[in-house]
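The values are calculated or read from the model by the stated rules, or taken from the named source; none is laboratory data. From a predicted model like this one, the values you see are computed outputs, not experimental measurements. Cβ placement follows ideal geometry from the backbone for every residue including glycine, while neighbour counts extend to all protein chains displayed.
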Amino acid sequence: MNNRLKELWDYPKYYVPKKHGEFYYYLKNSGTNNQPILYRAKRLEAIEETEEVIIDVNSLADDGTITITNLSFHADG
């Protein structure tokens, strides 16, 4: 049963992107991560081609207890 649930949950989940300057910032969970990773991309149309990792909170805590809950951007970038 656990394996079947893991199979069903194992797909990429994208959160709503926020545009700041020339980049779109968004959280994405590949499906098997404890927490979503913060990415940025120049184009949403080709998101996988232009995305780069900003911070992977999964690398900060093995038990999955660190996450990003809010994003905000300063006016001067």
Open item on the list: Go through (1) exposed (fewer than 14 other Cβ atoms within 10 Å of the Cβ); (2) in a loop (DSSP other than H, G, I, E, B); (3) touching a residue at least 12 places away in the same chain (Cβ under 8 Å) for Lys6 and report which single condition fails.
Closed with: (2)
- [ ] Could you tell me which numbered condition Ala41 fails, if it satisfies all but one of (1) more than 19 Å from Asp10 (Cβ to Cβ); (2) at pLDDT below 90; (3) within 15 Å of the chain's Cα centre (by Cα)?
- [x] (2)
Open item on the list: Tell me whether the range 13-22 contains one or more residues that are out of contact with any Phe, Trp or Tyr (no Cβ under 7 Å at 6 or more places or on another chain), farther than 30 Å from Asp76 by Cβ and part of a loop (DSSP other than H, G, I, E, B).
Closed with: no
- [ ] Return the total of residues in the range 16-34 being in contact with a Pro (Cβ under 7 Å, 6 or more places away or on another chain) and either within 15 Å of Asp56 (Cβ to Cβ) or modelled with pLDDT under 90 (or both).
- [x] 7
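Condition check ((1) touching a His at 6+ places or on another chain (Cβ under 7 Å); (2) polar (S, T, N, Q)) across all residues:
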residue: Leu5; (1), (2): no, no
residue: Leu8; (1), (2): no, no
residue: His20; (1), (2): no, no
residue: Leu44; (1), (2): no, no
residue: Glu51; (1), (2): no, no
residue: Val57; (1), (2): no, no
residue: Asn70; (1), (2): no, yes
residue: Phe73; (1), (2): yes, no
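Okay, residues lined up against (1) in a helix (DSSP H, G or I); (2) among the aromatic types (Phe, Trp, Tyr); (3) touching a Phe, Trp or Tyr at 6+ places or on another chain (Cβ under 9 Å):
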residue	(1), (2), (3)
Tyr24	no, yes, yes
Glu45	no, no, no
Val53	no, no, yes
Ala61	no, no, no
Asn70	no, no, no
Phe73	no, yes, yes
